[in-house]
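Peer 1: One structure follows; several queries about it will come next.
Any read-out appearing in this document is the output of simple, stated calculations on the displayed coordinates, not a laboratory observation. Just so you know, these numbers come straight off a predicted model, no measurement behind them. With ideal geometry, Cβ positions are generated from the backbone for all residues, glycine too; neighbour counts draw on all protein chains shown.
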Amino acid sequence: MAFVEQLIANLLYGAILGAVYGLATMGLSLIFGVLRIVNVGHGAFIMIGAFTAYWMFTLYGISPVLSLPLAMAAGMIIGVAVYLVVVKRLVDAPELATLLAMFAIGIFIEEAAKQIWGANYVGYSWEIGSISLPFTEIPYTKLVAFISSILIAAAVYVWFRKTKLGKAVRAVVEDREGALTCGIDVNKIYALSFSLGIGLTVLSGVLVTLFTPVGINAYMGGEYTLKAFVIAVLGGLASPWGAFYAGFIFGLIENGSYTLLGLIPGVEPFGLTRFVSFVVLMLVLLLKPTGLLGGE
Amino acid sequence: MKKLLVFVLVGMVLFFAGCAQQQPQQATTPAGPKEETLYFGAPISLSGKFAEEGKASLYGMQVAAKWINEHGGVKVGDTTYKIEIKYYDDESKKENVQSLIERLATVDKVKFILAPYSSGLTLAAAPIAEKYQVLLNSHGGASDYIFEQGYYYVVQTLSPASKYQTGFLDMVKKLDPNAKRVALVYEDGEFSRAVHQAAKEYAEELGFEIVYEKTYPAGATDLSPILNELKATNPDVIIGGGHFADGQLLAKQLAELNINVKAISILVAPTFPEFYEALGNKAEGICGPAQWEVGARYTPDVADELGVEWYGPTQDEFLAMYKELAGEDAVPPYQAAEAAAAVLSYAKAIEKAQSLDPAKVREAMNGLKFMCLYGLWQIDPETGKQVGHEMDIIQWQNGEKKIVWPEAAATADPCYPMPTWDEKASGATCGS
Amino acid sequence: MKSYSPLITLLLAYLIMIAIGQSIPGMWQPVMLVIFYIAIGQALNVFLGMTGYVNFGYVALLGVGAYGMGVALGYYNELGLIPTLILGFILAAILALLVSAIVGGIALRLRGAYFAIATIGVNEGIKYLIMGAKIWGGSEGIVLSGILRKSFGAETMRFLSTTFADAGVIVVAIATGVVTAYILNSRLGYALIALREDEEAAKVMGINVTKYKQIAFMISCVLAGLIGATAWTLKLTYVFPQDVFAINYTVEAIVIVMLGGAGTLLGPLVGGLIYALLKYYLAIAFPGLQLLILAPLLIVVILLFPEGVVGYIAKKARGTRLENFVR
Amino acid sequence: MLLKLEGVTKRFGGLVAVNSVDLEVEEGEKLGVVGPNGSGKTTLYNLISGVYMPDEGRIFFEGKEITNLPPYDRTKLGIARTFQIPRPFGSATVRENVAIGAMFGMANAGVDEALEMADDMLKLVGIYDLKDKEAKLLTPLEKKLMELARALAMKPKLLLLDELLAGMNPANINEILELLDRVKKEENIAVIAMVEHLMHAITKFAERVVVMHQGMKLIEGPTMEVLNDPKVIEVYLGEKLNVG
């Protein structure tokens, strides 16, 4: 039955895409959780990751998988730099001031990227074959993106649970005041979390290109910023884990609802999937204001 | 410390304001008998979503202006005018376009404006151009409806949206009368919708059967839901696309999902070299409509044969001059050629009118017909819509963009049916 | 002692701008650009500035306002010119009211950043509803100049899209300022200040915070709807969904409010002037580089004046004679 | 009967912060609530003012049930409070802070009227000179006085003072006590004052005292009697009570 087959195909793709979305949101949630900063420039950092993968592949033939640690490192360095130059001075400023600063940083990165790399839409072809299923084909690159997302999320999880630093960061997320009184060097944790958050975000840019290896451009991040925000709220905003799971759910909703919406005559089902995501967001907020997977 | 920062800040602001004031204020006061400078104004998208197209069109304009100046300028009476392009960045935003058009019309006293890129921005510019009664020549606003609003001062140099995909359908019909099943997959935006609505009507006229039609939202990063569905309808040809990113994605995912058809035509994206760079030989055989393409056979000789006047640089001259501006490896996309043609059409019309009065020049445009490297230029006197120019269909063959339609302009035979994705995966190209 | 004297400063500023626009050639559209930016800042300020809540879905309200006017002019123009325009303003206001009532009802239960990020979906949601369900022309939008020309004649159409639209934007902008001044001097304003500073304490002081937040939210949204109706639909003569639901306007409005000083009457005026003029002249002097230059400038301003320029000046002016005119 | 609590209980997770407390306050009464840190006093205040809703039990004000009424509606009925750690509306001026109390409290005044009332109240508590200062710039003591003015401006029937006197020197304390006395006589406000220590002040102020211990009401009765009760002394770990 075509309908069911298509639904399954869409859900499979949705799950893969969802994992990438999830990872692309973890950095946002981490930064918010620790520093209470809304990174409106989020997409610009994803774009840096995407270009990293592109240049490494085109110039040196380096597989995007190997670009992952590189992007993470580059992201963390950028993160520390942004923290020291701007964010550090604004930690105690009103929430809006930091929001505005992140916006300006995002614009700056985008415009600088445009000057350096041009306004072209570029892409790369990493051909490693695909799996043929009866109802669809799944390229291995997308599976690599899927598995890497899960592994990286798991690695971050382990880091948080098992290492001393990770525990300290978690303590700050869960109870800021408490962590302060426990003698944790909050400034250090802030710097670390910010750079880790940016690192994860840049890294997720590489994964994004594994899923969508074309359309890489200085302004490509905006789309991901919007999605990451919605996913972050679904996941409870301050929780990187919640964000990862919510990404999954978001991917499933976005792709899965297409098949159902296709049954309505006279509409554009693909466009409406975006509306459905919004309705789901509103419903979740109505029923559980702390997010689908939020604590409290 | 704080004071110093404030000081620096104020200083910067003043500096920028000062820079802004240093812009040449006078432009055209035709009095002397000798040489004067004539400014054509242009709001150009150098940042924002149309930055890529904007840059190419700016180079195109500058090349055309340079050629005109090197070839005697524009003569009105006994005055010779050198053309210069006065441009500002509109950031691809409608409010900026309106301000900049006014600035061009009043501060810079520009009478001839090259419209901004895209239909939306051209539409935003139109009321202001009309208010100041300056000409607005559209080289990037394709949508037909712009010219159905009754603006007198707005004319079009590029072919309208309704003509984009029709040539491809003609070609398929000629090559393979048995290919009947057409699938449409395109971006849900006003431009691509206009293109594909016209294409759909035209396809039905030609006797094609529309087996699938769906749109996807701008910015989509995964088209698999649509393409899984499309695959089941088993089409012969696919037409679709919208802009750059989604066009690349469409081709990429057609390949990934192993959807084989005899021919594909995608809007906008395939005309850029990055398309092939991004997709590799998966791009082989993919077609796309182009307003113009390197290798287009518009030459002074062709003009002679048709009995129309030739004006402007030949293609070789154009390519050489474009390289000087844009860099050694730069190959002009069609946005450059259509912008150049718009500049040439102004120059031609001004000479014909022997006046710098926009109303008289607009009058002169009605009867104007000439050929340049971009092709024929002729407008419908009533609406200002371009009727002379014809679209080309390009196809990627063996790593090169070839013109395959119309036959008269073709630089290669169409590669039809295109190789399957599996064939391409094992290295097949068109013409190998 | 109510104080409306800062309003004098505001009106004076508008007068000067209009005078500059009318007397210096080429300055009218830039002045309109500045006024547009001031207006979107001013309307956002009613909510963001006074409650401290960031409405990321702000542009959606400008968008539905634009649609309200667009639908009236595009589909109901046989009513005659004046009734159609009136209908347009009413539709713009009602649509904005409706959206803000629903969104506010759901999202205003959330605090601070949670609210901000929750509202970011609003804009996308409405855009894709219109496009996906093909409402009001779907992605093809509503193109008005031809319709207006046919219904009301070329002269009227030109008048509508230039003089009338500009006057409309100015009137809405000034009205937004007056509303702000009124709110600042009313019980509503005091309630908003209290809840911005400390929501829990405000509740105990007898302030029904949810109610007042919702009121401020709806006022801000309706004003935004009217700006959309005039500055976009009337002035540009078209409504495209991708155009009117462009998120950058939300961010620009936030930038303007923050630059000038949140919660102050004159903040959006100063913020709008700085932002729009900087951008305009940078675009002229350094085409293509203006955003690259603007971004670090913004960061410097934020670092210097985290409370905004007017916030900073108002603080310095406290106790001096200037005090009454800066707020 | 102005205020009546019946078996009011509030839990946080596994912790019972207030355990089945009954309490009655007469109109115009001056009641002291005493108890060591963590004894549930502040939670009790939060339950009365509506910051928390009780898990069990009922609360009545002037005979009307207010158990589940939100705090702002309770304020309108005539309940006002100060906070242990003052919570001024930081960026507003002192005068505006107090005016907000007058506007939204039981007084329900218009803006002009509220600003006038604010001036009166500021004069009453003696910080009129500070009226144009941003509230966040005040000293802790000034903030407390401002909070008192803000609460009084609400024209309440019941005033809850949370550690108002803590950190003040004896001269200040006497001034405040006199002030409260005067206000009480003029306006017939019932005042519940909560203290952790400062038993000296409570003897001067309260006619009746309730002692809280581990979320429960340990004892209640006339001030001197209660404070000399062995149980109370035990609660304070043998701490010598500074009584009279």
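Peer 1: Compute the convex hull volume of the Cα atoms of region D:88-154, divide it by the residue count, and report the result per residue in Å³ as a whole number.
Peer 2: Values: hull volume 4.2 nm³, N = 67.
Residue-normalised Cα hull volume stands at 63 Å³.
Peer 1: Whole percent per 10 Å bin, from 0 to the bin with the longest distance: what is P(r) over all C-alpha pairs of the protein assembly as shown?
Peer 2: Whole-percent P(r) values from 0 Å outward: 2, 9, 16, 20, 19, 14, 9, 6, 4, 2, 1, 0, 0.
Peer 1: Would you mind listing how long chain C runs along its three principal axes, going by Cα atoms, in whole Å with the largest first?
Peer 2: Principal-axis extents of chain C (Cα, largest first): 59, 47, 40 Å.
Peer 1: Can you give the FRET efficiency to the nearest 0.05 for C:ALA167 and D:ASP132, using r as the Cβ-Cβ distance and R₀ = 25 Å?
Peer 2: Working: r = 40 Å, r/R0 = 1.60.
Efficiency at R0 = 25 Å is approximately 0.05.
Peer 1: Moving to a separate point now. Quick check for chain C: number of Lys pairs with alpha-carbon distance under 29 Å, counting only pairs 8 or more apart or on different chains?
Peer 2: 20
Peer 1: For region D:1-126, report the % of Cα-Cα distances exceeding 26 Å.
Peer 2: On the way: 2413 of 7875 pairs.
So the pairs more than 26 Å apart make up 31 percent of the total in region D:1-126.
Peer 1: Given the options B:ALA245, B:ALA283, B:ALA408, state which has the largest fluctuation in a GNM of chain B using a 10 Å cut-off (strictly under) for Cα springs.
Peer 2: Answer for the Gaussian network model of chain B: B:ALA408.
Peer 1: Taking only the C-alpha atoms, wrap a convex hull around region C:161-231 and report its volume per residue in Å³ as a whole number. Don't skip to the answer; put the middle values down first.
Peer 2: Values: hull volume 4.8 nm³, N = 71.
Enclosed volume per residue, from the Cα hull, is 68 Å³.
Peer 1: Could you list log10 I(q)/I(0) for region D:137-199 at q = 0.16, 0.19, 0.24 Å⁻¹, which the Debye formula gives when each Cα is one point scatterer?
Peer 2: -0.51, -0.73, -1.15
Peer 1: I've got another one for you. Just grab the label-to-label distance for C:ARG109 and A:ALA171, each label 7 Å out from Cα along the Cβ direction, in nm (one decimal).
Peer 2: Going from the C:ARG109 label point to the A:ALA171 one covers 3.5 nm.
Peer 1: Next question. Going 7 Å from the Cα of B:SER426 along its beta-carbon direction, which residues of region A:110-152 have the amide nitrogen within less than 16 Å of the resulting point?
Peer 2: Answer for this model: A:129-130.
Peer 1: Still on this structure, I have one more. In region D:171-208, whose amide N lies under 20 Å from the spot 7 Å out along Cα-to-Cβ of D:GLU116? List them in ranges.
Peer 2: Output list for this probe position: D:187.
Peer 1: Right, here's the next one. Dividing the convex hull volume of the Cα atoms of region C:188-327 by its residue count, what figure in Å³ per residue is obtained?
Peer 2: Working: hull volume 22.2 nm³, N = 140.
Here the figure is 158 Å³ per residue.
Peer 1: Here's a follow-up. Can you tell me the 0 to 90 degree angle between the C-alpha axis of helix A:2-35 and the longest principal axis of chain A, rounded to 10?
Peer 2: 10 degrees
Peer 1: Could I ask something else about it? Counting only residues 5 or more places away or on other chains, whose amide H sits under 5 Å from the amide H of B:GLU187 once H atoms are built in the peptide plane?
Peer 2: Those qualifying (amide H under 5 Å, at least 5 residues apart or on another chain) are B:TYR216, B:GLY241, B:GLY242.
Peer 1: When each pair of different Cα atoms in region A:158-296 is counted once in the 1/r mean, what is the Kirkwood radius in angstroms, to one decimal? Can you show the working numbers first?
Peer 2: Numbers: mean 1/r = 0.0580 Å⁻¹.
In region A:158-296 this quantity evaluates to 17.2 Å.
Peer 1: Shifting gears a bit: Mind checking the mean number of beta-carbon atoms from other chains within 10 Å of the Cβ atoms in B:273-285?
Peer 2: Counting Cβ atoms of other protein chains within 10 Å of each residue's Cβ and averaging gives 4.
Peer 1: Moving on. Among the GluC sites (Glu not before Pro) in region B:362-423, which ones are in a DSSP loop with at most 13 other Cβ atoms within 10 Å of the Cβ? Mind listing them?
Peer 2: Values: sites: B:GLU363, B:GLU382, B:GLU390, B:GLU400, B:GLU407, B:GLU423; in loops: B:GLU382, B:GLU390.
When the GluC sites (Glu not before Pro) of region B:362-423 are filtered for loop state and at most 13 Cβ neighbours within 10 Å, B:GLU382 remain.
Peer 1: Quick one: Karplus J couplings for region D:177-183, per residue in order, coefficients 6.51, -1.76, 1.60, θ = phi - 60°, nearest Hz, x for Gly and Pro?
Peer 2: 4, 4, 4, 4, 4, 5, 4
Peer 1: Next question, about the same structure. How big is D for chain B, in µm² s⁻¹ as a whole number, if Stokes-Einstein is applied with the Kirkwood radius of its Cα pairs at 37 °C and 0.692 mPa s?
Peer 2: Answer, rounded: 145 µm²/s.
Peer 1: Could you sort out which of B:LYS49/B:LYS214; B:LYS94/B:LYS252; B:LYS55/B:LYS94; A:LYS142/B:LYS163 sit more than 29 Å apart by Cα distance in this structure?
Peer 2: Working: B:LYS49/B:LYS214 24 Å; B:LYS94/B:LYS252 32 Å; B:LYS55/B:LYS94 18 Å; A:LYS142/B:LYS163 37 Å.
Checking Cα-Cα distances, B:LYS94/B:LYS252; A:LYS142/B:LYS163 exceed 29 Å.
Peer 1: Please give the Cα centre distance for region C:273-325 versus region C:242-260, rounded to the nearest Å.
Peer 2: When both Cα centres are located, 15 Å separates them.
Peer 1: Taking every pair of Cα atoms in chain A, average 1/r, invert it to obtain the Kirkwood radius, and report Rg/Rh to two decimals.
Peer 2: On the way: Rg = 19.2 Å, Rh = 19.6 Å.
Expressed as Rg/Rh, it is 0.98.
Peer 1: Sticking with this structure for a sec: Under unit Cβ charges (Lys, Arg +1; Asp, Glu -1), what dipole magnitude, rounded to 20 debye, does region B:98-224 have relative to its Cα centre? Could the numbers behind the result be given before it?
Peer 2: Numbers: 12 positive and 16 negative charges, 72 e Å.
Charge dipole, region B:98-224, about its Cα centre: 340 debye, nearest 20.
Peer 1: Still on this model: Which semi-axes, in whole Å and largest first, does the equivalent ellipsoid of region A:1-160 have when worked out from the alpha carbon gyration tensor as the square roots of 5 times its eigenvalues?
Peer 2: Working: eigenvalues 212, 81, 46 Å².
Equivalent ellipsoid semi-axes, largest first: 33, 20, 15 Å.
Peer 1: For region C:177-203 and region B:178-227, what is the separation of their C-alpha centers, rounded to whole Å?
Peer 2: 53 Å
Peer 1: Right, something else. So, in nm, how far is label D:ASN188 from label D:ASN169 when the simple model puts each one 7 Å beyond its Cα toward the Cβ?
Peer 2: Computed distance between label sites D:ASN188 and D:ASN169 equals 3.9 nm.
Peer 1: To continue, here is another question. Expressed in nm², what is the orientationally averaged projection area of the convex hull enclosing the Cα positions of region B:147-250? Intermediate results must be reported in sequence, preceding the final value.
Peer 2: Working: hull surface 30.7 nm².
For the Cα atoms of region B:147-250, the hull's average projected area reads 7.7 nm².
Peer 1: Please give me, ordered by residue number, the GluC sites (Glu not before Pro) of region D:1-68 that lie in loop per DSSP and have at most 16 other Cβ atoms within 10 Å. Intermediate results must be reported in sequence, preceding the final value.
Peer 2: On the way: sites: D:GLU6, D:GLU24, D:GLU26, D:GLU27, D:GLU29, D:GLU56, D:GLU62, D:GLU65; in loops: D:GLU26, D:GLU27, D:GLU29, D:GLU62.
Counting only loop positions with at most 16 other Cβ atoms within 10 Å, the GluC sites (Glu not before Pro) in region D:1-68 are D:GLU26, D:GLU27, D:GLU62.
Peer 1: Related question: Rounded, prolate or oblate: which fits region B:294-427 when a ≥ b ≥ c are the square roots of the eigenvalues of the alpha-carbon gyration tensor, with rounded for a/c under 1.5 and prolate only if a/b beats b/c? The partial results should precede the final answer.
Peer 2: Values: a/c = 2.58, a/b = 1.95, b/c = 1.32.
Prolate is the answer for region B:294-427, as a/c is 1.5 or above and a/b outweighs b/c.
Peer 1: Spin-label point model (7 Å from Cα, Cβ direction): what's the C:ALA101 to B:GLU328 distance in nm?
Peer 2: Output for this residue pair reads 6.8 nm.
Peer 1: Can you give me the angle between helix A:164-174 and the longest principal axis of chain A, using Cα atoms only, in degrees from 0 to 90, rounded to the nearest 10?
Peer 2: Here the helix axis deviates by roughly 80 degrees.
Peer 1: Here's a follow-up. If the limit is 19 Å between Cα atoms, which of B:LYS86/B:LYS111; D:LYS143/D:LYS204; A:LYS167/A:LYS288; D:LYS143/D:LYS184; B:LYS109/B:LYS323 go over it? Display every interim value, and only then the final one.
Peer 2: Numbers: B:LYS86/B:LYS111 11 Å; D:LYS143/D:LYS204 23 Å; A:LYS167/A:LYS288 27 Å; D:LYS143/D:LYS184 22 Å; B:LYS109/B:LYS323 31 Å.
From B:LYS86/B:LYS111; D:LYS143/D:LYS204; A:LYS167/A:LYS288; D:LYS143/D:LYS184; B:LYS109/B:LYS323, over 19 Å: D:LYS143/D:LYS204; A:LYS167/A:LYS288; D:LYS143/D:LYS184; B:LYS109/B:LYS323.
Peer 1: Which far-off residues, 5 or more places away or on another chain, put their amide H under 5 Å from the one on D:GLY221, with H placed in the peptide plane?
Peer 2: For D:GLY221, whose amide H was placed from the backbone, the distant partners under 5 Å are D:VAL209.
Peer 1: What whole number of Å gives the distance from the Cα centroid of region B:234-289 to the Cα centroid of region A:7-83?
Peer 2: 27 Å
Peer 1: Percent relative contact order of region D:88-154, based on C-alpha pairs within less than 8 angstrom and at least six residues apart?
Peer 2: Numbers: 108 pairs, mean separation 33.3, N = 67.
After rounding, I find 50 percent.
Peer 1: If you line up the long axis of helix D:94-104 against the longest principal axis of chain D, both from Cα atoms, how many degrees apart are they, to the nearest 10?
Peer 2: 70 degrees
Peer 1: Per q in 0.11, 0.13, 0.14, 0.16 1/Å, what log10 I(q)/I(0) does a Debye calculation on the alpha-carbon atoms of chain D return?
Peer 2: Evaluating at q = 0.11, 0.13, 0.14, 0.16 Å⁻¹ gives log10 I(q)/I(0) of -0.55, -0.78, -0.91, -1.17.
Peer 1: Residue by residue through region B:287-302, what is 3J(HN,Hα) from phi via Karplus (6.51 cos²θ - 1.76 cosθ + 1.60, θ = phi - 60°)? Round to whole Hz and write x for glycine and proline.
Peer 2: Result, ordered by residue: 9, x, x, 9, 5, 6, 8, 4, x, 4, 8, 9, 9, x, 5, 4 Hz.
Peer 1: If you don't mind, another one. Let me make sure I get this right: for region A:123-234, a, b and c are the square roots of the gyration tensor eigenvalues over alpha carbons, sorted descending. Under 1.5 in a/c it's rounded, otherwise prolate if a/b > b/c, else oblate. Which is it? Walk me through the numbers on the way to the answer.
Peer 2: Working: a/c = 2.85, a/b = 2.10, b/c = 1.35.
Judged from the Cα gyration tensor, region A:123-234 comes out prolate (a/c at least 1.5, a/b above b/c).
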